[in-house]
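The values are calculated or read from the model by the stated rules, or taken from the named source; none is laboratory data. No experiment lies behind these values; they were computed from the predicted model shown. Quick reminder, even Gly has a Cβ in these numbers, built from the backbone with ideal geometry, and neighbours come from all protein chains shown. Just so you know, the surface numbers come from the protein's heavy atoms only, side chains and all, with ligands and any DNA or RNA stripped out. Shrake-Rupley method; radii C 1.70, N 1.55, O 1.52, S 1.80 Å.
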Amino acid sequence: MSPYIGGGRHSPAGYNWGTTPDRDHAFVGVHFATPVLRAGRFTLMYAPNATPFVMISNNPRYKTVVTRGIPRKAESGRGPVFGAGLAPFGLQGEVRGTKRMDFYSMAALGGAWFTDYMPQDGARRFNFSIEFGGGVFLRTNHQRAVQLGYKFHHFSNMYTARENPGVDGHVFYLGLRWQKRLPRE
């Protein structure tokens, strides 16, 4: 189990994934991992994660304006949108490096629910998430380690709404890992 905090600045915009620029990301979450296969120094793990706090900055706010008796939405400023997520489909590969250091790579699929349409009106409050990255565990003893990591994170509604702009983030995070080894039979 590894609780973590992380963030990313100025989301990149591309043509195939997220097309929404200039959004900052903040995450508080917990990575879970349990081994499913061991081969020498390599361990493959089932690795879901929960994110009880997600914040995306610079989200447009809208209000209804009536012009000549016709209601329409108009942008009324910008601010953060908050959410929570779960990625139940995750894998992590870990390689024992040195006596005090392990390297890992990970990927996960899931979703997040936000307090407002994200990243703009016409999108959805629910967004799917895709993330992949890697990092290092710096062991402090046989049961604990400091986790330093990077992940590319993508949110979008996968064309389940009229608009699907998507938001990407280069997220760096810091965590603490508690490890419990069960006895082998």
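Counting only strands (runs of 3 or more DSSP E) that sit wholly inside the stretch 30-105, those with at least 3 residues that are closer than 26 Å to Arg9 by Cα and open to solvent by 90 Å² or more (accessible area, probe 1.4 Å) are 70-96.
For the criterion of being touching a residue at least 12 places away in the same chain (Cβ under 8 Å), surrounded by 16 or more Cβ atoms within 10 Å (Cβ to Cβ), touching a Leu at 6+ places or on another chain (Cβ under 8 Å) and under 20 Å from Ile130 (Cα atoms), Pro12 fails.
Thr115: open to solvent by 60 Å² or more (accessible area, probe 1.4 Å), out of contact with any Pro (no Cβ under 6 Å at 6 or more places or on another chain), part of a loop (DSSP other than H, G, I, E, B) and of a type in the set (S, T, N, Q), yes or no?
Considered against the rule, which asks whether it is open to solvent by 60 Å² or more (accessible area, probe 1.4 Å), out of contact with any Pro (no Cβ under 6 Å at 6 or more places or on another chain), part of a loop (DSSP other than H, G, I, E, B) and of a type in the set (S, T, N, Q), Thr115 comes out as no.
Any chance the stretch 97-108 includes a residue that's charged (D, E, K, R), modelled with pLDDT under 95 and in contact with a Leu (Cβ under 8 Å, 6 or more places away or on another chain)? Yes, there is a match, as at least one residue in the stretch 97-108 is charged (D, E, K, R), modelled with pLDDT under 95 and in contact with a Leu (Cβ under 8 Å, 6 or more places away or on another chain).
For Ala13, are the conditions met, namely being of a type in the set (A, V, I, L, M, F, W, C) and assigned to a loop (DSSP other than H, G, I, E, B)? Break it down into steps so the answer makes sense when it comes.
Values: of a type in the set (A, V, I, L, M, F, W, C): yes; assigned to a loop (DSSP other than H, G, I, E, B): yes.
Spelling it out, Ala13 is indeed of a type in the set (A, V, I, L, M, F, W, C) and assigned to a loop (DSSP other than H, G, I, E, B).
Residues in the stretch 118-143 that are buried (at least 19 other Cβ atoms within 10 Å of the Cβ) and closer than 21 Å to Lys73 by Cβ: Met118, Pro119, Ala123, Asn127. Of the residues examined, Asp121 is not one that is of a type outside the set (A, V, I, L, M) and closer than 15 Å to Ala26 by Cα.
Can you find, within the stretch 144-165, the residue that is least open to solvent (accessible area, probe 1.4 Å) among those that are assigned to a strand (DSSP E or B) and of a type in the set (Ser, Thr, Tyr)?
Taking the stretch 144-165 and keeping what is assigned to a strand (DSSP E or B), we get 144-156.
Keeping just the survivors that are of a type in the set (Ser, Thr, Tyr) gives 150, 156.
Numbers: Tyr150: 69, Ser156: 10 Å².
Looking at residues that are assigned to a strand (DSSP E or B) and of a type in the set (Ser, Thr, Tyr), I get Ser156.
Asp168 passes every criterion in (1) more than 28 Å from Phe82 (Cα to Cα); (2) among the charged types (D, E, K, R); (3) crowded, with 19+ Cβ neighbours inside 10 Å apart from (1).
Within the stretch 87-114, residues that are in contact (Cβ under 8 Å) with a residue 24 or more places away in the chain and β-branched (Val, Ile, Thr) have Cβ atoms under 9 Å from residues that are surrounded by fewer than 20 Cβ atoms within 10 Å (Cβ to Cβ) and in a strand (DSSP E or B) in these pairs: Val95/Phe42; Val95/Thr43; Val95/Asp102; Val95/Phe103; Val95/Ser105, counting only partners at least 6 apart in sequence or on another chain. For Phe27, the criteria (1) without any contact (Cβ under 8 Å) to a residue 40 or more places away in the chain; (2) hydrophobic (A, V, I, L, M, F, W, C); (3) under 26 Å from Ser156 (Cβ atoms) hold in every case but one, which is (1).
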